[in-house]
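Undergrad: The structure that follows is given in the form of structure tokens.
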Amino acid sequence: MNQPPNQDPLQFLKSLWGPMGVPIAGLVTPTLDLGEVEKRIADLKSVENWLKMNLSMLQINIQGLEMQKATLSAIQQGLAAKPPDAGAANPMVEAWWNVIQGKDSGRDK
């Protein structure tokens with residue numbers, strides 16, 4: 001019933017990487033088959049391109065959020081700097097800001 005302990009200390013890592021089809025760097029035995037080397041290069045370039053695409057999408061999302069943050073900050077500062085007795089310089093901006101804040105400006109009585 002007792003099984004001997006696994007003799008390969010890297011078996012855990014191999015089991016994680018094995019299903020993905022990506023060998024662990026440094027643990028791959030070199031091959032003299034030119035076709036196999038070309039296949040490995042093509043596979044790794046595909047993974048590299050996929051990672052670059054994901055990185056680009058992540059950077060675009062970060063930039064969009066930074067622009068949203070800057071816009072909201074500018075609107076907050078503009079509304080805070082407005083004198084209380086002055087009318088709204090742009091009613092659309094104030095209405096948009098009220099919607100963002102969850103205020104229902106049309107029903108205030």
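The numbers here are math on the coordinates, done by the rules we state, and not lab data. Only a predicted model underlies this, so the values are computations on that prediction, with no experimental measurement involved. Don't worry about glycine lacking a Cβ; one is built from the backbone with ideal geometry, like all the others, and counts go over all protein chains shown.
Undergrad: Just grab the label-to-label distance for residue 73 and residue 34, each label 7 Å out from Cα along the Cβ direction, in nm (one decimal).
TA: If labels sit at residue 73 and residue 34, their model points lie 5.8 nm apart.
Undergrad: Mind giving me the FRET efficiency for residue 58 and residue 101? R0 is 22 Å, r the Cβ-Cβ distance, nearest 0.05 is fine.
TA: 0.15
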